[in-house]
Amino acid sequence: MLSLTTYCPQVNCKLMKPVHVGDASYKVVGRITKRERSGRGETTKVTISAELLGEDGSVYARLEGLSVTPVRMAASDALAKDAVAQRTWLGGEGEALCDSGWLL
């Protein structure tokens, strides 16, 4: 399991088409486009991108963002054992990832 210790200080989303609710299926495809380590190697700046795609491959939205990892998820040591602070990524190499917080 991967630790969920990232912080997203910037996310830009371009909405391109209306999304219809109902029987339609959509897919989110995300990518890590760049990683930059700090001088001390402790922190990594990660540039990410994603698209919301329709069944026919139409692009409904595009996202670009910046994430920093690792970061402390709890505001204090008292909250470090909190269920939210202990979240992890579920899924393996090449699989879709899911934040375990969805299961709380």
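Tabulated results
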| quantity | calculated |
| --- | --- |
| Residue order, fewest to most beta carbons within 10 Å, for ILE32, ILE48 | ILE32, ILE48 |
| Cβ-based net charge around LYS45, under 9 Å, with every Lys or Arg adding one and every Asp or Glu removing one | +2 |
| Charge context of LYS34, other residues only, Cβ under 13 angstrom, K/R +1, D/E -1 | +2 |
| Potential lengthening between ARG35 and GLN86 on full extension [0.36 nm per residue; Cα-Cα distance subtracted] | 15.9 nm |
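Bear in mind that the values in this text are calculations on the coordinates, not laboratory data. Fair warning: this is a prediction, and the values are worked out from it, not measured in the lab. Glycine also receives a Cβ, built like all others from the backbone with ideal geometry; neighbour counts cover every protein chain displayed.
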